[in-house]
1. Highest mean first, how do A:198-205, A:147-154 rank when packing is the count of other Cβ atoms within 10 Å averaged over residues?
2. Rg and Dmax of region B:344-436 over Cα atoms: what are they, in angstrom?
3. Give me the net charge for the shell around A:Thr45: Cβ to Cβ below 10 angstrom, other residues only, Lys and Arg +1, Asp and Glu -1.
4. Give, to the nearest whole percent, the P(r) tail of region B:147-194 beyond 18 angstrom, counting all Cα pairs.
5. Whole angstrom only: what separates the Cα centroid of region B:290-305 from the Cα centroid of region A:1-18?
6. Can you list residues whose amide H is under 5 Å from B:Tyr377's amide H, if they're 5+ apart or on another chain and H is modeled 1.01 Å from N?
7. Mind listing the label-point distances from A:Ala157 to the same position on all other copies, shortest first, one decimal in nm, points 7 Å along Cα→Cβ?
8. Taking a label point 7 Å from Cα toward Cβ, how far is A:Pro270 from its twins in the other copies, in nm, shortest first?
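Each value in this text was obtained by applying a stated rule to the coordinates, not by laboratory testing. Note that the structure is predicted; figures quoted are calculated from it, not measured. Positions of Cβ are generated from backbone atoms using ideal geometry, with glycine treated the same way; all protein chains shown enter the neighbour counts.
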Protein chains: 2
Amino acid sequence: MTLLNDLTNLLGAQNVLTGDDIARYREDWTKLYPSNPCAVARPGTTEEVAETLRIAARHDVAVVPVAGLTGLTGGAQTNGGLMISVERLNQIRELNPAAQIAVVEAGVVLTRLHEAAEAHDLYFPLWFGARGSAMIGGVLATNAGGSNVLRYGSTRALCLGLEVVLADGRVLNLMSQLRKDNSGYDLRQLFIGSEGTLGIITAAVMKLVPRPLAYTTATLAVRSLPDALTVLNRLQMASGGAVEAFEYMSKTHMARLAEARPDIRQPFTPIHDVSILVELGTTSPRDILPNDQGERPIEHLMSSVLSDLLEEGIILDAEIAQNDAQRMAMWERRELNAEICFSLGPCVECDIALPLDRVSAFLDKAHVSLDLLGRDYRSIHVAHLGDGNVHFSVFPSDMDENVYEAILVAVEDVVSELGGTFSAEHGVGLMKLSSMSRRKEPVALEVMRAIKSAMDPMNRMNPGKVIPARN
Amino acid sequence: MTLLNDLTNLLGAQNVLTGDDIARYREDWTKLYPSNPCAVARPGTTEEVAETLRIAARHDVAVVPVAGLTGLTGGAQTNGGLMISVERLNQIRELNPAAQIAVVEAGVVLTRLHEAAEAHDLYFPLWFGARGSAMIGGVLATNAGGSNVLRYGSTRALCLGLEVVLADGRVLNLMSQLRKDNSGYDLRQLFIGSEGTLGIITAAVMKLVPRPLAYTTATLAVRSLPDALTVLNRLQMASGGAVEAFEYMSKTHMARLAEARPDIRQPFTPIHDVSILVELGTTSPRDILPNDQGERPIEHLMSSVLSDLLEEGIILDAEIAQNDAQRMAMWERRELNAEICFSLGPCVECDIALPLDRVSAFLDKAHVSLDLLGRDYRSIHVAHLGDGNVHFSVFPSDMDENVYEAILVAVEDVVSELGGTFSAEHGVGLMKLSSMSRRKEPVALEVMRAIKSAMDPMNRMNPGKVIPARN
């Protein structure tokens with residue numbers, strides 16, 4: 001029996017794709033990591049995933065899990081391996097509003113979970129541009145971040161339970177709904193962020209939170225990043241920690257937006273050095289009870305803090321969204337970053353995190369280092385500033401492999417010097433493998449290798465990702 | 001060279017204890033796990049810990065890390081092993097108020113960190129009775145919980161970075177101060193809660209939070225646990241999630257308190273079935289600005305929600321602390337649980353967690369099961385009800401090993417049936433080893449064993465703890 005025969009017997013021909021049928025799995029949106037899988041298997045149950053892995057083991061073929069293909073680091077790339085798509089594991093098995101949890105399968109698209117939670121006045125607080133395609137399995141495998149991490153934490157902080165199929169087909173059932181559990185090692189944590197190298201996540205118990213009763217959202221201009229942090233701290237203090245998102249849009253981002261999308265209204269002209277999108281959310285009924293002036297306290301808080309800061313000269317300009325359409329327009333300006341960068345051609349994409357108060361120093365030093373390379377380039381950046389997470393994209397006028405590495409190394413040198421990380425929220429995949437070799441603590445790499453060998457001795461689970469080959 | 005010679009050369013005679021000098025390491029407060037270490041080494045730096053482990057490896061002696069000895073599960077017990085006390089690693093290396101982090105060594109006592117944070121209007125939100133003895137290293141090794149988990153999470157949620165010495169003396173430096181970092185497996189998580197079986201934690205970067213500007217604290221009587229959950233939900237909704245602690249004191253606890261400590265004032269007589277200690281905290285200045293009646297909004301919120309609930313008959317009686325002394329008296333009633341139980345003699349101590357809405361069913365069923373054993377017993381329980389974490393203590397009139405196991409199995413049967421865990425916040429140590437054998441998912445045990453072998457192939461790190469021997 002061939003691999004394909006075995007898989008077809010198990011899953012049916014319609015769920016073992018080859019040839020033209022796998023076109024959409026061959027590339028992600030970046031087109032940087034073309035895949036050539038021997039087939040794409042689409043199991044529909046956890047047991048089918050397990051049996052698929054046993055079949056792969058029997059045929060000694062590498063296995064690459066694939067979810068929404070929105071990670072953008074080549075984490076699901078393969079040459080000749082078997083792709084296992086979790087798209088048919090798409091049930092929301094349970095949504096318990098009283099317990100504020102959802103039991104979801106790996107193929108559930110984020111937006112679907114958002115909608116299901118919203119129907120119960122709950123919120124699943126993982127929010128980023130690709131939410132309409134990203135699936136829970138991929139989100140867990142990469143420990144995805146996004147715009148609400150500041151308030152609610154990364155994916156890791158939102159996961160109570162996990163179901164994982166191991167390399168040899170054993171099913172590890174960690175589907176706890178408990179808030180406390182110290183019965184041995186917390187194995188969930190090992191799989192979250194392991195990018196499919198230790199097993200395939202098939203389902204999870206995710207936390208939901210009360211849906212904010214109201215948001216108030218503003219776009220501001222400030223002179224500098226230190227001033228932006230002052231704004232963040234003042235709003236956090238005044239609101240008792242109600243800042244849900246604090247997004248930095250650089251002058252380079254706003255200028256590119258004006259260039260690529262003249263249809264999008266610019267908040268301020270001319271463009272300021274630092275634009276900020278800030279959003280407060282409240283779950284407290286007191287905050288939405290209109291005062292004598294008919295103003296909701298949460299809105300009053302935003303406007304009074306901002307007018308104080310305007311008077312002090314810390315804020316240069318501000319507009320507060322007056323309705324949901326204006327709020328959405330503010331978010332669109334931020335979330336268009338990927339699209340407007342993409343159209344500029346080949347780039348070095350750096351997804352880095354720094355201590356909050358060093359983002360400004362990073363940007364200054366990175367530009368000095370890039371200038372020293374003596375080549376023409378353009379750079380554009382935005383940041384989840386409340387987490388110190390900068391998306392720094394460098395577009396050299398002439399790109400080749402040497403230029404790519406030279407830019408990457410130059411940026412990473414600055415990141416390392418400032419105590420930051422070269423991978424904040426997208427993971428490693430293939431894209432950051434060379435960075436792992438250069439920058440990761442050697443003992444940490446050794447421990448990762450030891451764990452990988454213990455869990456997947458034949459190196460069959462997404463081989464070649466996350467952990468660089470030994471030199 | 002003998003082991004003791006090597007250690008003395010490294011650490012000096014005053015830091016290699018034997019004979020009478022090790023009396024205080026021989027027993028914890030329960031006296032259930034007497035130790036007989038070959039020596040107690042007290043390294044003063046991370047490098048000395050590393051060298052101590054290399055010496056232990058050379059002499060092929062087991063190593064048992066010891067911190068504050070407040071875990072109470074026998075996690076630091078040894079017969080013949082080398083105890084490594086982290087007590088001299090007691091520096092707060094850095095406290096950065098702007099970044100809201102503290103860099104602390106493993107031997108720092110919790111209370112010291114509380115005080116250091118408080119000096120900057122910050123709070124380290126890990127709070128339990130043993131805070132005056134427990135050390136950061138032990139707290140991390142057991143992923144300790146306590147009374148503020150409801151709001152801030154367990155130790156795991158509060159740790160940004162970690163420094164660990166591995167079995168062979170390699171130092172794993174994960175001392176990140178970043179809020180986002182997806183550069184490979186999150187190895188921190190593996191060591192947190194591993195109870196010294198994978199390495200010795202020597203330092204950590206811990207999150208601090210803004211210190212609440214005010215607390216408002218109340219003791220309530222309600223008829224039943226479902227009614228208590230109604231109170232919790234109503235307070236959470238009204239306050240926008242400001243409940244810092246929600247502690248259940250059973251009638252059995254309150255009765256024992258009256259019996260053992262007649263000097264402590266009882267809030268309500270006669271004692272009700274369910275007494276609750278609830279605390280709201282606020283970091284929002286709006287909540288402490290007195291209104292026209294001179295009342296602070298946070299206090300008004302507590303009193304108005306409670307009086308509504310009184311009117312609805314959900315609350316039977318309530319008192320709100322009028323000052324800090326009254327608040328402390330309320331906490332004392334709860335925290336005396338360990339002391340007043342201890343004096344009752346041998347007991348089966350169950351540290352369990354359940355889905356919130358099943359705590360009531362657990363208590364009913366557990367008592368039926370215990371009655372069916374046909375033996376005299378007394379039971380006392382309290383709970384971190386907001387986390388579903390019950391401390392359920394059973395005092396049989398005649399204790400022996402068989403009685404102990406029979407009670408434990410009876411309680412655990414009910415816990416398992418209701419989807420709970422036999423170990424919520426104290427860890428496994430020796431005490432819960434038999435439970436691990438009986439109850440832990442077999443595949444999870446296999447994975448734990450594989451990781452343990454990969455990290456500590458000679459099984460030298462706290463051997464015999466957490467992971468039960470194969471049958």
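1. A:198-205, A:147-154
2. My reading of the Cα-based Rg and Dmax gives 12.2, 34 Å.
3. Values: positive: A:Arg88; negative: A:Glu47, A:Glu48, A:Glu51, A:Glu105.
The answer is -3.
4. Values: 403 of 1128 pairs.
Cα-Cα pairs in region B:147-194 separated by more than 18 Å: 36 percent.
5. 67
6. Residues meeting the criterion, in which the H sits 1.01 Å from N, are B:Ser397.
7. 0.9
8. In nanometres, ordered from closest: 8.2.
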